[in-house]
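See structure below.
The values are calculated or read from the model by the stated rules, or taken from the named source; none is laboratory data. Since we're looking at a predicted model, the values are computed, not measured. Ideal geometry is used to build each Cβ from the backbone, glycine not excepted, and the neighbour counts take in all protein chains shown. Note: accessible area is taken over every heavy atom of the protein model, side chains too, but ligands, DNA and RNA are not part of it. Shrake-Rupley method; radii C 1.70, N 1.55, O 1.52, S 1.80 Å.
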Amino acid sequence: MAGISSLGIGSGILTSDLVDKLVAAERKPTEARLNFDQQRTEALISAFGKLKSAVTELRLPARRLASAEDMQAFKSSNSNSDVLNVGLDTKKAKAGTFNIEVTALAKAASLASGSFADKDVTAVGTGTLTLTAGDKTGNIVIDGSNNTLEGLAKAINEAALGVSASVIDTGSGFRLSLTGEKTGADNAITIDVADADGTDTDTTGLSQLAFNSTAQNLTQTVAAQDSALTVNGIAISRSDNKVDGVIDGVSLSLTDLGSTEVKITRDTGAIGERVQGFVDKYNALQGVIKDLTRFTPGEGGSLLTGDSVVRGINRELRSLMGQIVPGLEGASVRSLADVGITTNFETGLMDFDRSVLDKKLASAPNDVVALFAEQGRSSNASVEFVSSTSATKPGDYAINITQAASRGAFTGSVAIADPVTIDADNDTFSIKVDDGTATEITLAQGTYSRADLVKQIQSQLDSNSSLSAADQSVKVSLDGANQLVLSSQRFGSVSNVSITAVDTNSAASLGLSVASGTAGTDVAGTIDGIQAFGEGQTLLAERGDAEGLKVRVSGTATGSMGEVSFIEGIGERMVNVVTSIVDSDGAIGNRVESYQNTLERIAEDRVQLAERTESYRARLVAQFSSADALIGQLNSLQDYLANNLAALNPGKQKSK
């Protein structure tokens, strides 16, 4: 810019300062317009950001209302917590009052030997103990290495037969104590003895530990017993002190004998809080909209006064809040007004009268749930609504089943003898369940009745860690021909049980040979007359108005299974509306994107303004430089002429 610094030398007028002023004057109106547009656009983006935040805040309380489980909240009361503790599964609980009397607590068996002078020197005897506790049976060999009280306790514990053994110092001697690991009458302890001295039931040698139907040479300090209670006068017994399945959704943990009253009631307080939270967020959103669209006489409107997007959002939300829910037209609860949520016409906000909600929860709880949450109502007890998607439209959908779901199973090839002996030649086999990996099962050796063999196999399968980790289970039973049946507890085409390895005598004695069982079947049928996708017991609509509707079909019946009525409550619909509004391609997102585009154009205009300004400056400098040079020449000519004239008239010059 060296040329600019020399401007004005010739004229003294066309200076660089004048260039700067002219350039600034040229730039000012455009720059002022761009600054105004940018500030307004940024303010609009900020305003829509506040609106988006307020709309988004409405989604969480709406989602809580949309959860049928949350809207079916229950609570329990217990008049005597010394007798039992109450656990509640709110998904399954139902209202009711239950008078409970506990008359017996489940206990594990305990046995004690006679007194010995020491625990690690005196020999008790030698031979073989056959110890049974519940469905576990095993043989324990006692010889010179383990025939003391301490040796016996260690051998019993290492056998892992459901009995723990210890040696107790009574102060006057030592006694062997045996305690069952499980409570219940079926888990009583029996001990058969094959004494090396040839006498298995007397009180000398190893047989002094016999405890069975023939000889009770141990003292039973605690008898194995079931828990016993009555629920509203109905007698109940269990093998332990945790009582499940008697009352829907309620687990009872028995702690003492006595009576108590347990009440399961709807938790109207929790439901009311959820509704209040929703109303509060809706009113907060209305407050934000009011601030952003406020019009004050004499001052004018706010940033979003009259904005079409804001009007559209508010109109959609208000319409939803005032609608009758499709499917509830004939119900006692049809709209928010029926549960105490009404519009205050003075403020435009929603008022909530909780007492109205409480009354409706008492008289029509299912309709209240349907008002807020999605709900599927089936006309057939064998069809259960599972879920829906945003594509599922409210309506009534016919269910027709052409194939019921079934479980896969393996059936043995021979009838089981009664009794049957399990020994080293048939005590181990490997099983593959469903699509899992093979796992080895080892049975306790011994002689079993058919029923006890089923219990033994079931026990080993239930306690298998590999099956438990894979969430797989197998049910063991006998068919009409007394053949073993191993059934997967999963439904569908992936359900199966296969035998992958056996012992030398497994086929002959148990009917188990290496083979695959019969796979289960998936449910098949139509929803709303359109073929649906079946997997296990679930049937999913993939097309039509019912798209996304999933039901679970139990039982073996085929043909028409009635209808499932799908009701989409206000909570679920509000979640969908809010999501559509705040999504990147929603109403707010599109408007903000247009403002972002405006900011980009403003930035481009600033670049163009800078370029035009520099071009204008360069043009002025060039013009001023030319004019300045010409004026300089004219000034030089003036000086030249003045000097020459002065030389022609020196006298005049002197007189001056």
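Checking each residue in the stretch 288-306 for being free of Cβ contacts under 8 Å to residues at least 60 places away in the same chain, open to solvent by less than 70 Å² (accessible area, probe 1.4 Å) and not hydroxyl-bearing (Ser, Thr, Tyr) picks out Gly300, Gly301, Gly306. Out of all the residues in the stretch 79-118, which are open to solvent by 60 Å² or more (accessible area, probe 1.4 Å) and outside any strand (DSSP E or B)? Correct list: Ser79, Ser81, Asp82, Lys91, Lys92, Lys94, Ala95, Ser115, Ala117. Taken as a whole, the structure leaves Ala557 outside the set of residues that are more than 17 Å from Phe385 (Cβ to Cβ), of a type in the set (A, V, I, L, M) and in contact with a Gly (Cβ under 7 Å, 6 or more places away or on another chain).
Among the residues of this structure, Tyr448 does not count as one that is over 20 Å from Asp503 (Cα atoms), touching a strand residue (DSSP E or B) at 6+ places or on another chain (Cβ under 9 Å) and crowded, with 20+ Cβ neighbours inside 10 Å. Considered as a group, the residues in the stretch 501-524 that are in contact (Cβ under 8 Å) with a residue 60 or more places away in the chain, in a loop (DSSP other than H, G, I, E, B) and over 9 Å from Gly408 (Cβ atoms) include one that is most open to solvent (accessible area, probe 1.4 Å), and that residue is Thr504.
Could you check how many residues of the stretch 38-51 are over 13 Å from Gln596 (Cβ atoms) and either open to solvent by less than 50 Å² (accessible area, probe 1.4 Å) or of a type in the set (Gly, Ala, Ser) (or both)?
At the first step, the residues of the stretch 38-51 found to be over 13 Å from Gln596 (Cβ atoms) are 39-40, 43, 47, 50-51.
Within this subset, residues satisfying the condition of being either open to solvent by less than 50 Å² (accessible area, probe 1.4 Å) or of a type in the set (Gly, Ala, Ser) (or both) are 43, 47, 51.
Of the residues in the stretch 38-51, 3 are over 13 Å from Gln596 (Cβ atoms) and either open to solvent by less than 50 Å² (accessible area, probe 1.4 Å) or of a type in the set (Gly, Ala, Ser) (or both).
Ser493 - would you say it is at pLDDT 95 or above, farther than 30 Å from Thr392 by Cα and touching a strand residue (DSSP E or B) at 6+ places or on another chain (Cβ under 9 Å)? Against the criterion (at pLDDT 95 or above, farther than 30 Å from Thr392 by Cα and touching a strand residue (DSSP E or B) at 6+ places or on another chain (Cβ under 9 Å)), Ser493 does not qualify.
Scan the stretch 307-318 residue by residue and report those that are open to solvent by 50 Å² or more (accessible area, probe 1.4 Å) and either in contact with a strand residue (DSSP E or B) (Cβ under 7 Å, 6 or more places away or on another chain) or in contact (Cβ under 8 Å) with a residue 40 or more places away in the chain (or both). Explain how you work it out, then say what you get.
To start, the set of residues in the stretch 307-318 that are open to solvent by 50 Å² or more (accessible area, probe 1.4 Å) comprises 308, 311, 315-316, 318.
Glu316, the sole residue that qualifies.
In summary, Phe566 fulfils each of the numbered conditions (1) surrounded by 15 or more Cβ atoms within 10 Å (Cβ to Cβ); (2) out of contact with any strand residue (DSSP E or B) (no Cβ under 9 Å at 6 or more places or on another chain) with the single exception of condition (2).
A quick yes/no check of all residues on (1) modelled with pLDDT of 90 or more; (2) open to solvent by 80 Å² or more (accessible area, probe 1.4 Å); (3) out of contact with any His (no Cβ under 6 Å at 6 or more places or on another chain); (4) not small (Gly, Ala, Ser):
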position	(1), (2), (3), (4)
Met574	yes, no, yes, yes
Ile581	yes, no, yes, yes
Ser584	no, yes, yes, no
Ser615	no, no, yes, no
Ala622	no, no, yes, no
Ser625	no, no, yes, no
Leu645	no, yes, yes, yes
Pro650	no, no, yes, yes
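Select from the stretch 453-467 the residues that are assigned to a helix (DSSP H, G or I) and open to solvent by 70 Å² or more (accessible area, probe 1.4 Å) and write down the one among them that is farthest from Gly138 (Cα to Cα).
Start the filter on the stretch 453-467 by keeping residues that are assigned to a helix (DSSP H, G or I), which leaves 453-462, 465-467.
After this cut, where a residue has to be open to solvent by 70 Å² or more (accessible area, probe 1.4 Å) as well, the list is 455, 462, 465.
Details: Lys455: 15, Asp462: 18, Ser465: 21 Å.
Only one residue tops the list, namely Ser465.
Among the residues making up the stretch 302-334, those that are small (Gly, Ala, Ser) and not in a loop (DSSP other than H, G, I, E, B) are Ser308, Gly312, Ser319, Gly322.
Within the stretch 552-582, the set of residues being touching a residue at least 40 places away in the same chain (Cβ under 8 Å), small (Gly, Ala, Ser) and part of a helix (DSSP H, G or I) comprises Gly571 only. Only a single item in (1) surrounded by fewer than 16 Cβ atoms within 10 Å (Cβ to Cβ); (2) among the basic types (Lys, Arg); (3) under 39 Å from the mean Cα position of the chain (by Cα) is not met by Lys28, and it is number (3). Restricting attention to the stretch 476-500 and to residues that are of a type in the set (Val, Ile, Thr) and in a strand (DSSP E or B), the residue that is most open to solvent (accessible area, probe 1.4 Å) turns out to be Thr500.
Restricted to strands (runs of 3 or more DSSP E) entirely inside the stretch 169-286, those with at least 2 residues that are open to solvent by less than 50 Å² (accessible area, probe 1.4 Å) and either more than 30 Å from Asp351 (Cα to Cα) or modelled with pLDDT of 95 or more (or both) are 174-180, 189-195, 227-231, 250-254, 258-266.
Can we say Thr132 is under 45 Å from the mean Cα position of the chain (by Cα) and either at pLDDT 95 or above or assigned to a strand (DSSP E or B) (or both)? For Thr132, the condition - under 45 Å from the mean Cα position of the chain (by Cα) and either at pLDDT 95 or above or assigned to a strand (DSSP E or B) (or both) - is met. I'd like to check something: does the stretch 351-365 contain any residue that is assigned to a loop (DSSP other than H, G, I, E, B) and crowded, with 19+ Cβ neighbours inside 10 Å? No, that holds for no residue.
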